[in-house]
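Read through the structure below, which is laid out as structure tokens, and then see the notes.
Nothing in this text is a laboratory measurement; each read-out follows from the coordinates by a stated rule. Keep in mind the model is a prediction, meaning the values are calculated, not measured. Cβ atoms come from the backbone with ideal geometry, glycine included; neighbour counts cover every protein chain shown.
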Amino acid sequence: MGSERMKPIGGYFELERGYFRMRHEGVCLNSGCNALRLIIRELKIKRLHIPYYTCPVVPCAVQSEGCEVVPYELDERFMPACCFPKEDFVLVNDYFGVTGRNVAELAAEYPNLIVDNAQSYFAEPLGRAAFYSPRKFFGVPDGGIAVFNRDAITAPTLDRDVSSDRAAHLLKRHDCGASAAYADFKAAEELIGAAPVRAMSNLTRTILSTIDDESARSRRLANFSSLLNRLGTTFPLAMLPEAAPLVFPLVSSDLTLRQRLIDAQIFVATYWPGCEHCDSLCRSIIPLPIDQRYGEGDMDRILEVLNG
């Protein structure tokens, strides 16, 4: 059989594979930002309008491809506060998975819309191209998906990434708890941020194939509805029917609330640290967890802290 690598037979077991298909058909990469970088390469984008309110790694990824960043402000609906030349490339976010109707409105107006669905895994890929980040929604080490809607893109030949050195936090959290694995999580985030554009690892693909994402979607929607019915929110919700949120975006002026939740072991992120131009948004939006790991009792516990 020459020097070809033979499939081993027997020995110890690997991680079990599942039978579910990924929701989005596209080019599978090793991170959401690298999916954006691939879109810029393939569409030969030289200038891109991006919102000030976005993850700070996004403009860095854009600039790493030699593409000019043109920042823009948002209005009270989380829509662009300006108009763009019709043929310009514009990046828009489906914020927290709850502003999809805004995206649809913009997609009808701008033919070169690029959609950041990192926070909206369940959204359909609108615009000229869209990209996703499965690890924001599921327990996978990394991964990104680039979807092209109008362009016949031949998936480039890329080296395949290896994720096993970025998976310690996923395993350790089961045995040792979230706090014990947090340093491993931060280390993995740094490795992902520095990774070159590569194909999605076999490990990430395998884990994704075990996930019943429709069940996850249903649970997220149920938890979101539970909090919405009891809390309400002043965040401008504009969800599409097929979507499911990343978090529940509670808007609060209580500067102690975030720390009170964390002290009660309810971990809430900040979107986004380092986004200096949007400091008030970063401080006032408290993203409450509503993902598929939790149920009605967990939502009750969140409410107890909020009302305490």
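Some values worked out for this structure:
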| quantity | calculated |
| --- | --- |
| Equivalent ellipsoid semi-axes, the chain, via Cα gyration tensor eigenvalues times 5, rooted, Å | 30, 28, 18 |
| Diffusion constant of region 145-201 at 20 °C, which comes from Stokes-Einstein with the Kirkwood Cα-pair radius and 1.002 mPa s, µm²/s | 159 |
| Rounded FRET efficiency, nearest 0.05, which uses the C-beta distance separating Leu255 from Glu214 and R0 of 41 Å | 0.60 |
| Extension gain (nm, one decimal) between Ser280 and Thr234, 0.36 nm per residue minus Cα-Cα | 15.1 nm |
| Extended-chain gain in nm, criterion 0.36 nm per residue less alpha-carbon gap, Ala152 and Glu14 | 46.1 nm |
| Whole-Å distance, taken between Cα centres, linking region 151-229 and region 237-308 | 20 |
| Of all DSSP beta bridges in the chain, antiparallel share, percent nearest 5 | 45 |
| D_trans [Stokes-Einstein, Kirkwood Rh over alpha-carbon pairs] for region 95-144, 4 °C, 1.567 mPa s, µm² s⁻¹ | 116 |
| Highest-first arrangement of 19-26, 80-87, where packing means the average Cβ count within 10 Å | 19-26, 80-87 |
| The chain: calculated mean residue ellipticity at 222 nm from DSSP helix runs of at least 4, using -39500 (n - 2.57) | -10500 deg cm²/dmol |
| Point-charge dipole on Cβ atoms (K/R +1, D/E -1) for the chain, about Cα centre, debye to 20 | 480 |
| Full-extension gain in nm, Arg47 to Ala183, via 0.36 nm per residue minus C-alpha separation | 45.3 nm |
| Residue among Leu255, Leu191, Leu170 with the largest mean-square fluctuation in a Gaussian network model of the chain, springs linking Cα atoms under 10 Å | Leu255 |
| The chain: most fluctuating residue of Phe248, Phe131, Phe235 per GNM, C-alpha cutoff 10 Å | Phe235 |
